[in-house]
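Peer 1: Below you will find the structure I want to go over with you.
Quick note: the coordinates plus some simple rules give every number you see, no bench work behind them. Here the structure is a predicted model, which means the values were calculated and not measured. Quick reminder, even Gly has a Cβ in these numbers, built from the backbone with ideal geometry, and neighbours come from all protein chains shown.
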Amino acid sequence: MAISAQPLSKVRVLDLTNVLAGPFCCHQLAHMGADVIKVEVPGSGDLARQLGGDSELNEKLMGVSFLAQNAGKRSITINLKSERGKTVFRELVRTADVVVENFRPGVMDRLGVGFDVLKQDNPKLVYCAISGFGQNGPLRNLPAYDQIVQGMSGLMSITGDPDTAPYRVGYPVADTVGGMTAAFAIAAALADPDRSAHILDVSMLEATIATMGWVVSNYLVAGMIPAPLGNDNFTASPSGTFATGDGLLNIAANKQEQFEAVCDVVGQPDLKTDVRFANRKDRLKNRVQLKAILEDAMANDTAAAWRQKLNDAGVPAGEVLSVPDVLAHPQIADRGMIGEFKDPPGVGRDIRLARTGYKIDGAPAKVDTPPPTLGQHTDEILASLGYDEDAIEALKKDKAI
């Protein structure tokens, strides 16, 4: 039986999150068809609305950072510090399947709308709390941003080369991994047809460590202390980044036959029997010398040309591309990775946004509506709960929404 292109189309998610980890989680769920309602603070909303490389959009509360993770969602503004606002929120929870929040541990309880309260309203609720360090432990109350987690996870200690490390990864990887982990946990909880209410506790620190499986296990099992290796692969050589006559090229010759193919392609067949490089262990020990020889041999052609030659010989290789270059690449265009919205509300021009990294039955996962303006769907959502125009106006006057 084929999977529905919108497998979460019957699921409603309340997204109370800010900036990246939580919004990225709900971004995944929206692309799987979920009705994601973004519950935002009146007047300001998600902080990401004020972040990004276009100051004009930041002033409009439609910052690029917000646009990137919030297509396909609806927005309602609710003041959770207002008693009437809490009432509206709890009524909305009764219609939902999932609540996602990324406040510091304890904030939702102090507001009076934590898991223990909400599960009374909805006995099958999946409640996902994303935080830097988790809901318990000595660090639970500390603020956590992506760079803090990158540093504390050990990730920065192995990023860069021995002379430059530690370096942060060039995008908010800990936030993103935390959000992806949360989306997976939510989808798993929803798959239980007989579920009762669940609370999911997602730690960005632990989620990041989990992605470092080989590095962590080499230490836990083999006692190998991880070290920064720059662009070299710690398991094989030649496997890393190599200079060519024009551009950089990544080569991953992890098997013996791939190493031998590299030697033939670059016109250095004698390297296959050179005692310094003949076996895997010696190649790792003498990787600096091997790299110098290969780079000298590849100086007479471009990275793109060498990539083609190596690929034709069965060797994994690829150019080191800039972000603009990869976004313009035919492979990305052919896959439908980039979606476009024509003149969306609040933006004033057409925008292009990245979707997800998968297809369902040959079609890219996508959403049909652009990122919402702040509170764009407040009246619509309240009307669906049974509020008439006078009741909605009263809530606004009371600053509950």
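Peer 1: Helix-derived [θ] at 222 nm for the chain: sum -39500 (n - 2.57) over DSSP H runs of at least 4, divide by residue count, nearest 500?
Peer 2: Working: 18 runs with 152 residues, N = 401.
Result for the chain: -10500 deg cm²/dmol, rounded to the nearest 500.
Peer 1: Please list, by residue number, everything in the stretch 259-285 whose backbone N is under 18 Å from a paramagnetic label point 7 Å out along Cα→Cβ of residue 222.
Peer 2: 279-285
Peer 1: Select from the stretch 65-165 those chymotrypsin sites (Phe, Trp or Tyr not before Pro) which occupy a DSSP coil region and have at most 15 other Cβ atoms within 10 Å, ordered by residue number.
Peer 2: Values: sites: 66, 89, 103, 115, 127, 133, 145; in loops: 103, 133, 145.
Taking the stretch 65-165 and a limit of 15 other Cβ atoms within 10 Å, the loop chymotrypsin sites (Phe, Trp or Tyr not before Pro) found are 145.
Peer 1: How long is the gain from residue 323 to residue 280 if the chain were fully straight, where each residue apart is worth 0.36 nm and the alpha carbon distance is subtracted?
Peer 2: Numbers: separation 43, 0.36 × 43 = 15.48 nm, distance 3.35 nm.
Result for the pair: 12.1 nm of gain on full extension.
Peer 1: Amide H to amide H under 5 Å from residue 236: which residues, 5+ apart in sequence or cross-chain, H placed 1.01 Å off N in plane?
Peer 2: Result for residue 236 returns nothing.
Peer 1: Quick query: amide H of residue 360 versus all other amide H atoms, modeled in the peptide plane; which residues come in under 5 Å with a sequence gap of 5 or more or a different chain?
Peer 2: Distant-sequence amide H within range of residue 360: 365.
Peer 1: Under a Cβ-only charge scheme (Lys and Arg +1, Asp and Glu -1), can you give me the dipole magnitude of the chain about the Cα centre, in debye to the nearest 20? Can you show the working numbers first?
Peer 2: Numbers: 40 positive and 49 negative charges, 152 e Å.
I would put it at about 740 debye.
Peer 1: 5 Å is the cut-off here: which amide hydrogens, built 1.01 Å from N in the peptide plane, fall below it relative to residue 75, excluding neighbours closer than 5 in sequence?
Peer 2: Excluding prolines and chain starts, which carry no amide H, the hits are 38, 376, 377.
Peer 1: Also, I was wondering about something else. Compute the Cα gyration tensor for the stretch 236-275, then decide on rounded, prolate or oblate, letting a ≥ b ≥ c be the square roots of its eigenvalues: rounded whenever a/c is under 1.5, prolate when a/b is larger than b/c in the other cases, and oblate in all that remain.
Peer 2: Values: a/c = 2.31, a/b = 1.43, b/c = 1.62.
Taking the square roots of the gyration eigenvalues as a ≥ b ≥ c, the stretch 236-275 is oblate.
Peer 1: Which of the helices in the chain meet the span-like rule: DSSP H, Cα axial reach of 20 Å or more, Kyte-Doolittle mean at least 0.0? Mind dumping the intermediate values first?
Peer 2: Numbers: long enough: 173-190 (25 Å, 1.57).
Membrane-span-like by this criterion, though nothing is claimed about a membrane: 173-190.
Peer 1: D for the stretch 282-383, whole µm²/s, Stokes-Einstein with Kirkwood Rh over alpha-carbon pairs at 25 °C and 0.890 mPa s: what number?
Peer 2: The estimated diffusion coefficient comes to 134 µm²/s.
Peer 1: Once fully extended, how much extra length lies between residue 399 and residue 12, figured as 0.36 nm per residue of separation less the alpha-carbon to alpha-carbon distance?
Peer 2: Between residue 399 and residue 12, full extension yields 136.8 nm more.
Peer 1: Between the stretch 22-48 and the stretch 95-120, what is the separation of their alpha carbon centroids in Å?
Peer 2: 16 Å
Peer 1: In addition: Divide the volume of the convex hull of the Cα atoms of the stretch 239-320 by its number of residues and quote the answer in cubic angstrom per residue.
Peer 2: So the per-residue hull volume is 71 Å³.
Peer 1: How do the peptides 292-301, 382-391 rank, highest first, by the average count of neighbouring beta carbon atoms within 10 Å per residue?
Peer 2: Result, highest mean Cβ count within 10 Å first: 292-301, 382-391.
Peer 1: Let me ask another. Estimate the FRET efficiency between residue 210 and residue 140 by the formula 1/(1 + (r/R0)^6), using the beta-carbon distance for r and 22 Å for R0, to the nearest 0.05.
Peer 2: About 0.75, to the nearest 0.05.
Peer 1: By how many nm would the segment from residue 301 to residue 264 lengthen if fully extended, with 0.36 nm per residue of separation less the alpha-carbon distance?
Peer 2: 11.8 nm
Peer 1: Still on this model: Suppose each label sits 7 Å from its Cα in the direction of the beta carbon; what would the residue 87-residue 311 distance come out to in nanometres?
Peer 2: 6.3 nm
Peer 1: What distance in nm lies between label points placed 7 Å from Cα along the C-beta direction at residue 383 and residue 272?
Peer 2: Computed distance between label sites residue 383 and residue 272 equals 7.4 nm.
Peer 1: Past 28 Å, Cα to Cα, is the threshold; run 73/124; 309/366; 60/399 against it and keep the listed order.
Peer 2: Those over the limit are 309/366.
Peer 1: While we're here: Could you please rank 263, 25, placing first whichever residue has the fewest other Cβ atoms within 10 Å of its Cβ?
Peer 2: 263, 25
Peer 1: Right, something else. Taking the Cβ of residue 397 as the centre, find all other residues whose Cβ is under 11 Å away and add up their charges (Lys, Arg: +1; Asp, Glu: -1).
Peer 2: Net charge in that neighbourhood comes out at 0.
Peer 1: Simple spin-label model, 7 Å along Cα-to-Cβ: residue 332 to residue 350 in nm?
Peer 2: Label at residue 332, label at residue 350, 1.7 nm between them.
Peer 1: Test of the criteria: in the stretch 251-323, which trypsin sites (Lys or Arg not before Pro) are in a DSSP loop and have at most 16 other Cβ atoms within 10 angstrom of their Cβ?
Peer 2: Hits after loop and neighbour filter: 255, 276.
Peer 1: What are the ³J(HN,Hα) values, in whole Hz, obtained from phi via the Karplus relation 6.51 cos²θ - 1.76 cosθ + 1.60 with θ = phi - 60°, for each residue of the stretch 337-342 in sequence order, with x given for Gly and Pro?
Peer 2: 6, 9, x, 10, 10, 8
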